[in-house]
1. Please list, or write none, the aspartates and glutamates whose alpha carbon is within less than 13 Å of the alpha carbon of B:Lys164, excluding same-chain residues fewer than 8 places away.
2. Only bridges with both residues in segment D:68-182 count here: give the DSSP antiparallel percent, nearest 5.
3. Could you identify which residue out of C:Val199, C:Val79, C:Val134 has the top mean-square fluctuation in a GNM of chain C using Cα springs shorter than 10 Å?
4. Highest GNM mean-square fluctuation, chain A, Cα pairs closer than 10 Å: which of A:Gly60, A:Gly212, A:Gly98?
5. Taking springs between alpha-carbon atoms closer than 10 angstrom, which of B:Ala126, B:Ala224, B:Ala53 fluctuates most in the Gaussian network model of chain B?
6. Pairs of alpha-carbon atoms within less than 8 angstrom and 6+ residues apart define the contacts here; what relative contact order does segment A:70-222 have, in percent?
7. Suppose we keep just the DSSP beta bridges with both residues in segment A:14-256; what percent of those would be antiparallel, to 5?
8. Using the reciprocal of the averaged 1/r over all distinct C-alpha pairs, how large is the Kirkwood radius of segment C:74-198 in Å?
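Just so it is clear, none of the values below were taken in a lab; they were calculated from the coordinates. Bear in mind that the values here come from a model prediction, so they are computed numbers and not experimental data. Here the Cβ is made from the backbone with ideal geometry for all residues, glycine too, and neighbour counts use every protein chain on show.
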Number of protein chains: 4
Amino acid sequence: MISFESDYDNGCHEAILKRLNETNDERATGYGLDGYSTAAKEKIRTACGKPDAEVFFLVGGTQTNATVIDAMLKSYQGVLSVETGHINVHESGAIEFGGHKVLALPSHDGKMDAKELEQWLHDFYADPTYDHMVFPGMVYITFATEMGTIYTLDELIAISNICKCFELPLFIDGARLGYGLMAEGCDVSLTQLADLCDVFYIGGTKCGALCGEAVVFPNPAVPAPAHFFTIVKQHGALLAKGRLLGIQFDTLMTDNLYFRIARHAVEQAMRLRDAFVSKGYQMYSNSPTNQQFVLLDQPTIDRLSRDFVFEQWYPVGDMMNCRFVTSWATRPEDVDKLIGAL
Amino acid sequence: MISFESDYDNGCHEAILKRLNETNDERATGYGLDGYSTAAKEKIRTACGKPDAEVFFLVGGTQTNATVIDAMLKSYQGVLSVETGHINVHESGAIEFGGHKVLALPSHDGKMDAKELEQWLHDFYADPTYDHMVFPGMVYITFATEMGTIYTLDELIAISNICKCFELPLFIDGARLGYGLMAEGCDVSLTQLADLCDVFYIGGTKCGALCGEAVVFPNPAVPAPAHFFTIVKQHGALLAKGRLLGIQFDTLMTDNLYFRIARHAVEQAMRLRDAFVSKGYQMYSNSPTNQQFVLLDQPTIDRLSRDFVFEQWYPVGDMMNCRFVTSWATRPEDVDKLIGAL
Amino acid sequence: MISFESDYDNGCHEAILKRLNETNDERATGYGLDGYSTAAKEKIRTACGKPDAEVFFLVGGTQTNATVIDAMLKSYQGVLSVETGHINVHESGAIEFGGHKVLALPSHDGKMDAKELEQWLHDFYADPTYDHMVFPGMVYITFATEMGTIYTLDELIAISNICKCFELPLFIDGARLGYGLMAEGCDVSLTQLADLCDVFYIGGTKCGALCGEAVVFPNPAVPAPAHFFTIVKQHGALLAKGRLLGIQFDTLMTDNLYFRIARHAVEQAMRLRDAFVSKGYQMYSNSPTNQQFVLLDQPTIDRLSRDFVFEQWYPVGDMMNCRFVTSWATRPEDVDKLIGAL
Amino acid sequence: MISFESDYDNGCHEAILKRLNETNDERATGYGLDGYSTAAKEKIRTACGKPDAEVFFLVGGTQTNATVIDAMLKSYQGVLSVETGHINVHESGAIEFGGHKVLALPSHDGKMDAKELEQWLHDFYADPTYDHMVFPGMVYITFATEMGTIYTLDELIAISNICKCFELPLFIDGARLGYGLMAEGCDVSLTQLADLCDVFYIGGTKCGALCGEAVVFPNPAVPAPAHFFTIVKQHGALLAKGRLLGIQFDTLMTDNLYFRIARHAVEQAMRLRDAFVSKGYQMYSNSPTNQQFVLLDQPTIDRLSRDFVFEQWYPVGDMMNCRFVTSWATRPEDVDKLIGAL
């Protein structure tokens, strides 16, 4: 069976594995105070063009979202997200567990519309009863989105400007940041993204690491919340052997590895998408990233399932919206086989 | 100025005031263990036709919703409510403060549609990723709703049946229960309502009391959560001088006072509604209860505001949706004056 | 039966009842925005000698403690209290429900020792692992304490200075503030108390009101947390008919009523204490306030219980620590009867 | 420098590293549904002698404690622990973040005394005000403790019996379970430990793994809380690449590796302890496990610090309580060097 099930079903990239082997016998202080973590943080600052950025390593995406959001919100504030946002759907209520409401806006193929955001904020403050309501305290978007889409630079700027105008921090969930920045037609650079938001993370789990997300507070004018280390610990998100995260990000950030492997995944996804389209399949969304959504009928699903693994998301009319995911580990010959089978 | 601003801007009904005067010098044990509370509970059991019901007195609506919902949900569960539900809009995130997500369904003039509820539940359990999501743990509806509407008996039965089918407790927020049960055309009795849900409350604050909501667990097969007394205390909702609540509900439940005064308010509201309609105003919703919503233009608002107090909710096209509320304290002659001014 | 069971088993003081009667037919905006509340706040500012103080009215003590503490702490902070502090014992975990640890110090007849507080804080910051621990974020003391004792002015100054030194807000729980300030030998004035802390409350429930606690942020340099109104609502502590609290505090703060009735209670308690002592009973603590703790043997308890109500707290050796409480409602002739029965 | 700083400053045991290398190219479903995890769970069931045990893999100790405790407690319950318990000191308030109080008992070299536990529970239920207090909902102990000590079988039985008597689940934090069970003189087997508690975990992070704790619900009569998977996700403790945990525990549980490497660490610690004692140093506690606590004066600390790394915990009189930790990675020749330097 050839799998297009997810981008986190392999081990780690071979370069990471090599480094884990090389460093295994070394001793290192725990909790992220080790030298590997220090080096990785410096490389991230350089990659972002933010020499004063603060960087923290956490283990997984849900805990990262929950920790960052809870740390940055006041108790009476909620977080604005599109309805399909990961925090609103697939985190088992981790944000609410921390006491905060997810204030849901419409999703446009996974993206937030800047004008709708502005209107929502305008309406909120125009409501004479707003002090009986949950205050907006942060804007959360994903890059790439859960639907595989990405924001253009202009779209990001528009959202960022509204956030500034309403003094709301902008948080970009980068669980698939690599695939987003390396997407076909992406006109946003890592530096620009870091300029436009107040906190974001570089997702390792889905881009080559065994685990790990690098949270970046790029702008010294909006520093990490005081005692963020302790907050991370309180949320159960502080890894004792922080070296595991440091080594992995140090490797990913060396020689641009993170972006090279993401680019590979996107290239394979584009080949797949082009084949779907040229063979007359209907795409569910127009994704320029490593997740492709296509509508399949049941006979096709049955036929493809004999040799390939992929997820069936939900019915659309009498078709099924199916997801095919590539990763750093996807082999071109396996994509060839799938294309041949379409 | 004559006020139609709200149903909680007066003191209390004169019968309550009289009893507060009569009993003031008596001593009574605190925390609801007093004789007045005991008597009031018994009268509520009788009124509901539920001799084994458990009854608790809390101070206000938001704390009652937050306490009941948190007490009945597991940590990984959320509460289903229509988007316009009080818990989803006007409680400053009190439900999320307790760790729970409000799972929002569409609102139909403030009401939940049984078929949409069923479809939502069906879709939830059909989603292969549901164990990464917030589980439905309770259904919350309001009677009367925030828009002044009420459920018919058939509608309540349909929702109740779906709840039973999915083993979800049904919670009816009765902050305006009196006005709902006494509404024009209401075909639901208190006994029937108690039969159809697992927990509800009889709102005192908006129906003649200074404060107080009576939470009823009508069905011994679904008893109050263990140590509910302690949970109430933990949520800051246990009144030290519980007598204040006991005396008020004892009075309200004597000689049907609660329902008589609610009926009075509804009658005045119906007179007002009929006048609006006969004079060609457009009602925003068709409310048979004490809250009337009507679309007014700015000149009319300006004119009426010289003599009358009422709330402007939000613009609808170039009109404003305005709310006029009657209560037990509304004088017929004041309604006459407003009708005369239309 | 004559009761010395508690200071919250009567109705309210007759002056309050009179005002409730007089104002009952007036209409007033909800949520504390009424004129009675405005007037009461102004009288409190005057009484405290703090013309710029911010004042909020909440319903009960537990919700007040939980709301103030949660509003003022960061998520990673806890509150320092003596072990016997109300928040650490008798609030069913309301502080922890809000996510915060109570950091317990030894109790000295209910009081915190300034030197022990300083040592604790010194030790905390000297611990190299302190960022894995709960940070101290606030100091909580009660005045009068749960054991009936009070702080001297020097003791308060010492605690206040340490708080300033460590930049910790000092919160004084004044559920029994009147009895504390009117205690025999008390050398602290309300103005001094307001000078020495960052937030405190004037307890109404136990000093003549039906319910209500007035939270005071006396010092403009340490204002109320932003959007404290919304935080109060979120905690279920915002009373819809805020007039009920406004009217009561307006009355209590008129002509010094609050302190006069507290003084009466203390005088009766002192008569009782002197009688206990002169007849050879052993006091459990030396309380100058309205709560008297005395060790009684079982035959005495049995004998007194025939005519008097009082609480048995816990055994001390083969004696029982019993509590006798006076209030604004205690009649001198009832104290005479108890003294006669000793 | 030779380090005795901690048992989590190395990478992982070589057998684990080998397996990570061998399996890296295989694909596996995420979230613990992979074959490695399945195999590891089965081996754990066998090792415990509990064929029906439920097993879950989480990443770290704090998140494991917070998740298990929150999942098993009702909202109004707290967890009983000795004062020095990890959850009470070094988890930054993670338990309180979940809404629960840690009810602290005295520590006896890190251990809970069964009689004191019984007395506490007896006193709690004898207090007439107990329903205003935090209910005991679980007993938490560590094995080995934070002070390096272990419970005897009789001590465990005594605690377990009291838990049964009061219907409280017993939770054993096994962050250092291997070192505890392999301790000098330990008379408790893994099977017996599993018999005596309701939930425990096998700590991987401190015993050879890169990360990972295996939570075991040994007794089908006390199953894992419903939807524990979702609760784990909600607490941010579900690892996407669950294979990382499965592979590690599969390796540790093969050929008794986990216990063999723990035994090695204990042997080296015993050599060290004997040397301390024979050279006249005063041990702070009598630890039979891999953590040794010894009182050193400043000149000795200065001298040893030139070649060895160890932690200084806190002053005891004019000495310092210093901690020396061995692990699976401690080389006998390094212990020799330290012994030579004493």
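1. Here the aspartates and glutamates satisfying the reach criterion relative to B:Lys164 are B:Glu118, B:Asp195, B:Asp198.
2. 10 percent
3. Of C:Val199, C:Val79, C:Val134, the Gaussian network model singles out C:Val134 as fluctuating most.
4. Of the options given, A:Gly98 has the highest mean-square fluctuation.
5. Result: B:Ala126 has the largest fluctuation of those listed.
6. 19 percent
7. Close to 40 percent.
8. Computed over Cα pairs of segment C:74-198, the Kirkwood hydrodynamic radius comes out at 14.8 Å.
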